[in-house]
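I have placed the structure first, in the form of structure tokens, so that the comments after it can refer back to it.
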Amino acid sequence: MGSKFSVSLKTQVLEMIDFLTSIRNAPDLLVKGPRLKTAIDTYIAFMNSLSSLPKSKQIPPLDLDVKWIWYLHCVNPLSFQNDCKIAFGENVIIDKSQKLPRLIQITDFNPSIDLESAAERQAKFVQQCSKFTSRTNINYIIHRYYLFIDLMRFSKGQMLVPTLEIDLVWHSHLFCPKVYKKDVIKITGRMINHDDSVESDNLNHGFAFTQELWNSRRRFPYIRTRHGSASTVVDFDHIPETGDLPCDNYADCASSTWGANCGSFGGPVASCGGGGDGDGGGGCGGCGGD
């Protein structure tokens, strides 16, 4: 599986689990208030300072508050990529896992999404991920993530919605935005957007479609159960080993943050739980690209 991705997703997922644990211990970063507002302002100032750093310098370590805002921006990848493009020029994507390119700042870096609202939307996901630990079978859920991204090739423009375990890996991958774009284009032939603002009714419909499409193309069901069938009863005893999501309905099985569909955003686009349309507009928590 390592050859499918340009970064060690196992390392990224383990780091994400620890990161989200830290965020759960800082609840004032999950609601609108002084700390969140200061974190956003500090993040923007930090991004605007990057052009003063020499080329090929590694991005310095981030404190928790700034890292959280960067994460919120990165899990909306089309917005993050376009904001980098506007501030720093064509084909520039700032990636904490990569050394800095030569930056010539064109204008101030200014996030195009409401990061305060994004923090509130991510709160449920952060809490849900408390079930994942270092004991989680990371290789297993990375494999499921790869199969999910690969499924986008067959979605025919329909929204796809991940399980929580798949979304955990997806968020980990998204937090390496330049690498993410390269990898998903290699797998699917298009950029895959992720939109965390999808309404629950759309998530439910998208999850049902995703489960049907997955089960028609894979030899094992999207939702594993104690009997191996795709029912809505999950064997809770296997959660620590597999990372499977305990759920009793689509809304619980699906990630709380988004879905996927396919369109075009200045080129081929896929969209999961929100994506791009022909004008690059937001959709349902899913894939989009350029």
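The H on the amide N of residue 113, modeled in the peptide plane, is under 5 Å from the matching H of no residue at least 5 residues off or on a different chain. Distances between every pair of Cα atoms in the stretch 81-214, grouped in 10 Å steps from 0 to the bin holding the largest one, split as 10, 35, 37, 16, 2 percent.
Residue pairs exceeding 30 angstrom between C-alpha atoms, taken from 99/156; 4/85; 99/131: 99/156; 99/131.
Extension gain for the segment residue 22 to residue 64, taken as residue separation times 0.36 nm less the Cα-Cα distance, is 14.3 nm to one decimal.
Binning the alpha carbon pair distances of the stretch 2-104 at 10 angstrom intervals from zero yields the distribution 13, 42, 36, 9, 0, expressed in whole percent.
Specify whether the C-alpha gyration tensor of the stretch 1-61 places it in the rounded, prolate or oblate class, a ≥ b ≥ c being the square roots of the eigenvalues: rounded for a/c under 1.5, otherwise prolate if a/b is larger than b/c and oblate if not. Oblate, because a/c is 1.5 or more while a/b does not exceed b/c. Between the stretch 15-54 and the stretch 117-170, what is the separation of their alpha carbon centroids in Å? Comparing the Cα centres of the stretch 15-54 and the stretch 117-170, I get a distance of 22 Å. Does a label point 7 Å from the Cα of residue 117, set along Cα-to-beta-carbon, have any residues of the stretch 196-216 with amide nitrogen under 20 Å, and which are they? Under 20 Å, as judged by backbone N against the label point of residue 117, lie 196-204 of the stretch 196-216. Heavy-atom accessible surface of residue 178, to the nearest 10 Å², is about 100 Å², with a 1.4 Å probe and all protein chains retained.
Counting only Cβ charges, +1 for Lys and Arg and -1 for Asp and Glu, the dipole size of the stretch 108-201 around its Cα centre is about 620 debye.
The values are calculated or read from the model by the stated rules, or taken from the named source; none is laboratory data. Bear in mind that the values here come from a model prediction, so they are computed numbers and not experimental data. Using ideal geometry, Cβ is built from the backbone for each residue, glycine included, and neighbour counts are taken over all protein chains shown. Ligands, DNA and RNA are excluded from the accessible area calculation, which covers all protein heavy atoms including side chains. Shrake-Rupley method; radii C 1.70, N 1.55, O 1.52, S 1.80 Å.
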